[in-house]
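Step one of this worksheet: look at the structure below.
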Amino acid sequence: QVQLVESGGGLVQAGGSLRLSCVASENILTINEMGWYRQAPGKQRELVAAIPNFGIRNYASSVKGRFTISRDNAKNTVYLQMNDLKPEDTAVYYCNAYRGLSQYWGQGTQVTVSS
């Protein structure tokens, strides 16, 4: 069972930046892929960005060029740097991990962007 703990959410004005962090309870090199999802009120949860152990990072078209996902294997941590935030980025952001056939979620962190 992989435990994921997110931090870094908050309230920011449009055009501002935030960096989310997700710390895993286990060595993330044993995890096939880690990513960030978000869910806005009344909407389905959607993929924001994903970073596999090997391969190309994947971004939602709505965040390309503004968000960057990265990982620090030594700290078992994945980051989401969010720049030029927009009100439509407001959502609860969840860290996600895939290992084999199992999927794990963090508790979520709220990001609110004011106009």
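Rule-of-thumb check for the chain: C-alpha Rg over 2.2 N^0.38 Å? Mind dumping the intermediate values first?
Values: Rg = 13.3 Å, N = 115, 2.2 N^0.38 = 13.4 Å.
Scaled against compact globular proteins, the figure is 1.00.
Grab the beta carbon distance between residue 83 and residue 39, set R0 = 22 Å, and tell me the FRET efficiency rounded to 0.05.
Details: r = 21 Å, r/R0 = 0.96.
It comes out at approximately 0.55.
Can you sort 46, 6 by solvent-accessible area, 1.4 Å probe, largest first?
Working: 46 80, 6 10 Å².
If we order 46, 6 from most to least accessible, we get 46, 6.
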Pick out which of 25, 17, 102 has the largest mean-square fluctuation in a Gaussian network model of the chain, springs linking Cα atoms closer than 10 Å. 102
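May I ask you to rank 105, 36 by accessible area, largest first, using a 1.4 Å probe over the protein chains only? Before the final figure, lay out each step's value.
Details: 105 95, 36 0 Å².
Final ranking, largest accessible area leading: 105, 36.
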Quantify, in whole percent, the carbon and sulfur part of the accessible surface of the chain (1.4 Å probe; protein heavy atoms only). 48
Taking a probe of 1.4 Å, how large is the accessible area per residue of the chain, in Å²? 53
Top mean-square fluctuation among 39, 13, 81, Gaussian network model of the chain, C-alpha springs under 10 Å? 13
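Only Lys, Arg, Asp and Glu count, each charged at its Cβ (+1, +1, -1, -1), so figure out the dipole size of the chain about its Cα centre, rounded to 20 debye. Don't skip to the end; give the middle numbers.
Numbers: 11 positive and 8 negative charges, 25 e Å.
The dipole of the chain has a size of about 120 debye.
The values are calculated or read from the model by the stated rules, or taken from the named source; none is laboratory data. Not measured: the values here are computed from a predicted model. Cβ atoms come from the backbone with ideal geometry, glycine included; neighbour counts cover every protein chain shown. Heads up: the accessible areas ignore ligands, DNA and RNA and are worked out on the full protein's heavy atoms, side chains in. Shrake-Rupley method; radii C 1.70, N 1.55, O 1.52, S 1.80 Å.
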